[in-house]
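The values are calculated or read from the model by the stated rules, or taken from the named source; none is laboratory data. Just so you know, these numbers come straight off a predicted model, no measurement behind them. Don't worry about glycine lacking a Cβ; one is built from the backbone with ideal geometry, like all the others, and counts go over all protein chains shown.
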Amino acid sequence: MPETAVDDRKAGTAQAPAFLQPAEQKNMNRVIVIGGGAAGMMAAWAAAAGGSRVLLLEKNEKTGKKIYITGKGRCNFTNACPMDEMMGRVLRNGRFLYSAFAAFSNQDMADFLTQNGCPVCTERGGRMFPASEKASDVTAALMRALHRAGVDIRLHTEVHQILTEDGSVAGVQINREKIPANAVIIATGGLSYPLTGSTGDGYRFARETGHSVTECLPSLVSFRCAEDWVRDLEGLSLKNISIDIRDGRKKIFSEFGEMLFTHFGVSGPVILSASSAAAERLQKAGKLNLWIDCKPALTEEQLDARILRDFSAETRKQFKNALGGLLPARMTGVMVRLSGIDPEKTVNNVTREERLRLVRLLKALPLTVTGTGGFSEAVITRGGVSVKDVNPSTMESRRIAGLYFAGEVLDVDALTGGYNLQIAWSTGVLAGKSAAGAGTADKADSSARREES
Ligand SMILES: Cc1cc2nc3c(=O)[nH]c(=O)nc-3n(C[C@H](O)[C@H](O)[C@H](O)COP(=O)(O)OP(=O)(O)OC[C@H]3O[C@@H](n4cnc5c(N)ncnc54)[C@H](O)[C@@H]3O)c2cc1C
């Protein structure tokens, strides 16, 4: 381990950062990275690999706290799909990410992990995981790379303010201590899962230094629903269904997949995706209509024929006991109730009109979406530092020379499947590389360029 590197467990506390001490390092480019999450760790590594002295400041007791819980503890760190497909999975400001994805791709990340002792594997849908299926191995590989590159890490260290001077970054303020730097990278994450340290500090830093921040909303999050019956189904997961979400007549989202009933509404993969498409609309409209097609592979006619066949096989069966072949057992009670058909009736007495009502219910089970879950349960934050204020080729601020942004703090987000972490890795590397090139000469150049524009 290089002398200046600080072990993750030992890192931290009050002494002046090693990256300022040796006199011979005085003329080196000094980069401070705020936030030891996915984006910050990659930024620190790239800046150090680019020849800068790097200090990584993390307020938690350890780095990568959120990485540990990604992919249900397995860390779906990227997706193996071609990069143009990846662009299609980015929901906000995809074009802003072209240079970042080109600077550091999904394959680059897979190679990076492998080279740092974490072999990887690819699963259904191109989702890539560490072969060990342990998110902690991804963090360990990142820490190994940081130590090898000689990054200084200070834990338990919360940055309070970005220091600027004449339109350029000058350093950061921690309690009463000022730490000077040539470049500062803000990689403080968003607002989701605040217990992991993402409490939105970066948005404040951005505003205080003259940047716009777009409205932040929880995204990739569950829906709250008005109907009480969802509670009876809490924990029930439905596979191979499709959903349709509308605001009045306007179709907002439809997709085939898997979902889950919760105490307050609905969740699961297809609902999380829907939330990113519908969150803003929901905020404006106050409520949206959601229909679940429980039998998307069958037309209404085919489903009716199927039910008729089931009913004809056992004509004396009571209606309340007759839906077992069609639906999960836990769901039949609710469907019988919602159909309005007498549960005690034998199926040979169910009228054609009643049967068609049942068919329509199975093809379009109605729910009213009244809200989403909060930031405490949202996978990501929609919104953030406006991409108009950031140069996509470098991740440098267009307002303050030497100030960079990376990761979820930016107004970019994507669907589930490994894409959000890839955004963090790619923007982190690009910001780190660019900051490493932001030595005094480059910085003078970029200030001059800004004055010209
Ligand atoms: C439950 C869950 C599961 C997920 N699963 C996946 C998945 O499998 N695949 C995927 O692609 N994405 C997944 N995501 C999304 C992904 O984790 C995030 O997009 C990604 O971690 C964002 O990285 P980041 O570095 O920008 O921010 P963060 O990971 O939030 O890191 C920010 C860091 O900055 C630190 N910090 C904040 N303010 C300060 C300050 N003032 N001073 C010092 N330090 C500070 C924080 O403590 C934190 O460590 C998941 C998210 C959640 C919540």
### Query
Can you tell which of Gly40, Gly64 is in a helix (DSSP H, G or I), closer than 20 Å to Tyr193 by Cβ, within 13 Å of the ligand (Cβ to nearest atom) and touching a residue at least 40 places away in the same chain (Cβ under 8 Å)?
Gly40
### Query
Right, Ala149: over 25 Å from Thr381 (Cβ atoms), surrounded by fewer than 23 Cβ atoms within 10 Å (Cβ to Cβ) and either more than 14 Å from the ligand (Cβ to nearest atom) or more than 26 Å from the chain's Cα centre (by Cα) (or both) or not?
yes
### Message
Six or more apart or on different chains, Cβ atoms under 7 Å: show the pairs whose first residue is in region 199-227 and outside the structural domain of Arg398 (by TED's automatic domain parsing) and touching a residue at least 12 places away in the same chain (Cβ under 8 Å) and whose second is more than 15 Å from the ligand (Cβ to nearest atom) and among the basic types (Lys, Arg).
### Response
none
### Residue match in region 232-241 (condition: within 16 Å of the ligand (Cβ to nearest atom) and not in a strand (DSSP E or B))
no
### Answer residue from region 200-224, given it is within 14 Å of Ile186 (Cα to Cα) and among the basic types (Lys, Arg) and is surrounded by the fewest Cβ atoms within 10 Å (Cβ to Cβ) among those
Arg207
### Message
Checking the structure you have, find out if any residue of region 259-273 is out of contact with any helix residue (DSSP H, G or I) (no Cβ under 8 Å at 6 or more places or on another chain), among the hydroxyl-bearing types (Ser, Thr, Tyr) and modelled with pLDDT under 95.
### Response
yes
### Message
All but one of (1) more than 16 Å from the ligand (Cβ to nearest atom); (2) modelled with pLDDT of 95 or more; (3) within 30 Å of Val429 (Cβ to Cβ) hold for Thr209; state the number of the condition that does not hold.
### Response
(1)
### Task
Can you give me the number of residues within region 43-57 that are crowded, with 24+ Cβ neighbours inside 10 Å and in a helix (DSSP H, G or I)?
6
### Task
For residues that are within 12 Å of Arg360 (Cα to Cα), in contact (Cβ under 8 Å) with a residue 12 or more places away in the chain and not hydrophobic (A, V, I, L, M, F, W, C), tally how many sit in region 297-321.
2
### Query
Among the residues of region 268-289, is any among the β-branched types (Val, Ile, Thr) and within 23 Å of Ser219 (Cα to Cα)?
yes
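Table: residues versus (1) closer than 18 Å to Asn116 by Cα; (2) buried (at least 18 other Cβ atoms within 10 Å of the Cβ); (3) within 23 Å of the chain's Cα centre (by Cα).
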| position | (1), (2), (3) |
| --- | --- |
| Lys134 | yes, no, yes |
| Thr139 | yes, yes, yes |
| Gln173 | no, no, no |
| Asn182 | no, yes, no |
| Ile186 | no, yes, yes |
### Task
Tell me, yes or no, whether region 296-306 has at least one residue that is under 30 Å from Pro218 (Cβ atoms) and not assigned by TED's automatic domain parsing to the domain that holds Ala43.
yes
### Task
For residues that are farther than 23 Å from Leu191 by Cβ and surrounded by 20 or more Cβ atoms within 10 Å (Cβ to Cβ), scanning just region 82-109, find the one that is farthest from the chain's Cα centre (by Cα).
Ala103
### Message
Being over 16 Å from Gly37 (Cα atoms) and either assigned to a strand (DSSP E or B) or small (Gly, Ala, Ser) (or both) is the filter here; which residues of region 145-156 pass it?
### Response
Ala149, Gly150
### Query
Picking from Asp310, Asp293, which residue would you name as being surrounded by 12 or more Cβ atoms within 10 Å (Cβ to Cβ), among the charged types (D, E, K, R) and within 30 Å of Gly373 (Cα to Cα)?
Asp293
### Task
Return the only residue of Val159, Val169, Val221, Val184 being at pLDDT 95 or above, more than 9 Å from the ligand (Cβ to nearest atom), β-branched (Val, Ile, Thr) and in a loop (DSSP other than H, G, I, E, B).
Val221
### Query
Looking at Ile32, Ile69, which one is within 15 Å of the ligand (Cβ to nearest atom), of a type in the set (A, V, I, L, M, F, W, C), at pLDDT 95 or above and in a strand (DSSP E or B)?
Ile32
